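S.K.: Encoded as structure tokens, here's the structure I'll be asking about.
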Amino acid sequence: MKTYENILFSVADGVATITLNRVDVLNSFNFEMADDVINALKHCQTSDEIRAIVFTANGRGFCAGQDLEEATREGGPRIEEIVDHTYNPIINLLRGIEKPIIGAVNGVAAGAGANIAFACDITFAGKSAKFIQSFSNIGLVPDSGGTFTLPRLVGMQRAAAMMFMADKVTAEEAESLGMIYKAVDDASLLEEATKYASILAKRPTKGIGLTKRLLNQSFTNSMEEQLAAERALQAEAGQTYDHKEGIKAFFEKRKPEYKGC
Ligand code: T3D
């Protein structure tokens, strides 16, 4: 397996865990860590062994967004090169990989770090974590899909206030506002997220992946288009091994054994 310098990557029991590991800078992204994350996500996308992904980080922060040293370095990449190289590919992968991705936010998630957490399918956060749309503190606009995702999670008024003011939103507030799935004790965060991912890794991966595709489309489709998309993907799901196994197990009154296909 490929080795990485800026993240940790492991696979066990059908669950891949990606751990950001630039602890001294609160796991802010430079090109090298972005390359590692992109390569790890691409591996998760194509590996049949991997049926769920946990996205987390080491240290006291989850991710402080862009590494501001890289972004301001003499002769360094231009802002749009950073967005092209780092954030757009990562968000496209998080949303495009047709497998469940569980965010486990272990500490502050600022700027792109917050929006990466919201791009995961189901996000847990330790109770000490905070979410900050910190872009406006440095005169930038939110990226990493934040202006797409956050208003859909919390509504336009709250999203605007969070973005204009760079409010610090606690994990418990984030849960109550629907920005994340659940705030849990810091000490049990990784265990809870991994347990959840392990259960998902034994469920019908193909059908879950198609569901993710439908959820993605629901942001922009009309009801009519969405009904047509559901019809088409229901037909596809109906052809899977796991659908047949689920029906068989139901009538045989036993637990189904899904293969993910
Ligand atoms: O070109 C572009 O920028 C385009 C891309 C944009 C995407 C973005 O994400 S823009 C937003 C960038 N991120 C930020 O503006 C957040 C900056 N960081 C903070 O506001 C604070 O660090 C936090 C609120 C996240 C946490 O505060 P605190 O007090 O808990 O920690 P700290 O002391 O500020 O940070 C700890 C260390 O991490 C510190 O280094 P030191 O003094 O111990 O050597 C700090 O400099 C470093 N650090 C934190 N964030 C970044 C960073 N170093 C580089 N880049 C960072 N983003």
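S.K.: Just to confirm my filter: which helices (runs of 4 or more DSSP H) fall fully inside the range 22-95 and include at least 2 residues that are more than 11 Å from the ligand (Cβ to nearest atom)?
M.R.: Here the list reads 31-46.
Per-residue answers, yes or no, for (1) touching a helix residue (DSSP H, G or I) at 6+ places or on another chain (Cβ under 6 Å); (2) among the hydrophobic types (A, V, I, L, M, F, W, C); (3) crowded, with 16+ Cβ neighbours inside 10 Å:
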{"position": "Ile79", "(1), (2), (3)": "no, yes, no"}
{"position": "Pro89", "(1), (2), (3)": "yes, no, yes"}
{"position": "Asn92", "(1), (2), (3)": "no, no, no"}
{"position": "Ala112", "(1), (2), (3)": "yes, yes, yes"}
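S.K.: Now for a separate question. Give the residues of the range 8-22 that are touching a strand residue (DSSP E or B) at 6+ places or on another chain (Cβ under 8 Å) and surrounded by fewer than 22 Cβ atoms within 10 Å (Cβ to Cβ), sorted by residue number.
M.R.: The answer is Leu8, Phe9, Ser10, Val11, Gly14, Thr19, Asn21.
S.K.: Further, regarding this structure: When the residues of the range 45-58 are filtered to those that are touching a residue at least 24 places away in the same chain (Cβ under 8 Å) and under 28 Å from Glu81 (Cα atoms), which remaining residue is surrounded by the most Cβ atoms within 10 Å (Cβ to Cβ)?
M.R.: Per the stated criteria, the residue is Phe55.
S.K.: Still on this structure, please answer the following. Which of the residues belonging to the range 202-229 are under 22 Å from Gln45 (Cα atoms) and part of a loop (DSSP other than H, G, I, E, B)?
M.R.: Lys202, Arg203, Pro204 - these are the residues of the range 202-229 that are under 22 Å from Gln45 (Cα atoms) and part of a loop (DSSP other than H, G, I, E, B).
S.K.: Which is within 23 Å of Thr17 (Cα to Cα) and part of a loop (DSSP other than H, G, I, E, B), of Ile199, Ile180?
M.R.: Ile180 is the lone residue from the list that is within 23 Å of Thr17 (Cα to Cα) and part of a loop (DSSP other than H, G, I, E, B).
S.K.: Now, a different point. With respect to Ala114, determine if the residue is within 11 Å of the ligand (Cβ to nearest atom), within 22 Å of Val25 (Cβ to Cβ) and in contact (Cβ under 8 Å) with a residue 40 or more places away in the chain.
M.R.: yes
S.K.: Return the only residue of Ser144, Ser136 being touching a Pro at 6+ places or on another chain (Cβ under 9 Å) and within 13 Å of the ligand (Cβ to nearest atom).
M.R.: Being touching a Pro at 6+ places or on another chain (Cβ under 9 Å) and within 13 Å of the ligand (Cβ to nearest atom) holds for just one of Ser144, Ser136, which is Ser136.
S.K.: If you go through the range 115-135, how many residues are touching a Ser or Thr at 6+ places or on another chain (Cβ under 8 Å) and either part of a helix (DSSP H, G or I) or at pLDDT below 95 (or both)?
M.R.: 5
S.K.: So Gly76 fits all but one of (1) in contact with a His (Cβ under 8 Å, 6 or more places away or on another chain); (2) free of Cβ contacts under 8 Å to residues at least 40 places away in the same chain; what number is the exception?
M.R.: Tallying (1) in contact with a His (Cβ under 8 Å, 6 or more places away or on another chain); (2) free of Cβ contacts under 8 Å to residues at least 40 places away in the same chain, Gly76 fails exactly one: (1).
S.K.: Report whether or not Val83 is of a type outside the set (Lys, Arg) and under 22 Å from Gln45 (Cβ atoms).
M.R.: Yes: the conditions hold for Val83.
S.K.: Hey, another quick one. Of the residues in the range 26-75, how many are within 20 Å of Leu200 (Cβ to Cβ) and β-branched (Val, Ile, Thr)?
M.R.: Selection size over the range 26-75: 5.
S.K.: Condition test on Ala119, is it of a type outside the set (Phe, Trp, Tyr) and either more than 8 Å from the ligand (Cβ to nearest atom) or touching a Leu at 6+ places or on another chain (Cβ under 8 Å) (or both)?
M.R.: yes
The values are calculated or read from the model by the stated rules, or taken from the named source; none is laboratory data. Everything numeric in this text was worked out from a predicted model, so none of it was measured. Glycine also receives a Cβ, built like all others from the backbone with ideal geometry; neighbour counts cover every protein chain displayed.
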